[in-house]
Structures are given as C-alpha cells and as structure tokens.
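Engineer: One structure coming up, written as structure tokens, with questions to follow.
Any read-out appearing in this document is the output of simple, stated calculations on the displayed coordinates, not a laboratory observation. All values derive from a computational prediction rather than experimental measurement. Note: ideal-geometry Cβ built from the backbone for every residue, glycine included; neighbour counts use all protein chains shown.
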C-alpha cells in the first residue's frame with residue numbers, strides 16, 4: 001500500500017441489492033451500503049476505527065498520527081441484456 005493512497009475495490013451484489021467492499025489495501029475492511037455513494041461515505045470513519053484499534057500501523061503504510069490519506073474507490077457492476085431473435 002502506498003503511504004498516501006488507500007485503494008478500495010467495490011462491487012455491486014445484485015441479489016442482495018447492496019454495494020460492498022470486495023477487496024482493499026486495508027486488512028479487515030468490510031462494509032456495505034445501498035448505494036455506491038453511501039459506501040464511499042462509510043469508508044473514512046471505518047478506516048479510522050481500524051487505525052484507532054491498532055489493526056493498521058506504520059508497517060502497513062498508514063500512520064495513526066494526523067496525516068491525510070486518499071481513499072480511492074474503484075467500482076464495478078454488471079447487468080444483463082437478453083438479445084431477442086431478429087424479426
């Protein structure tokens with residue numbers, strides 16, 4: 001993990017109807033929300049909680065002291081298209 005950037009990959013679970021953290025640079029980061037925007041809003045306080053709990057430290061490239069870090073969210077979703085036979 002870069003010391004300045006935390007990457008979070010989000011995915012849409014169509015069956016559950018939620019966006020969730022599929023993978024991330026942050027060990028133990030789990031979250032889900034109804035919208036991608038809501039999920040993104042959840043990330044900073046959850047990451048801060050993990051830092052406060054000591055899950056992350058400088059060895060992970062994140063300092064617990066007052067430093068700004070960017071969280072970059074990469075999202076993917078899919079849908080289906082049924083191709084009809086030509087008339």
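Engineer: How long is the gain from residue 18 to residue 49 if the chain were fully straight, where each residue apart is worth 0.36 nm and the alpha carbon distance is subtracted? Please list the in-between numbers first.
Structural biologist: Values: separation 31, 0.36 × 31 = 11.16 nm, distance 2.22 nm.
Roughly 8.9 nm would be gained on extension.
Engineer: Put a dot 7 Å past each Cα toward the Cβ at residue 74 and residue 34; how far apart are the dots in nm?
Structural biologist: So the two model labels end up 2.9 nm from each other.
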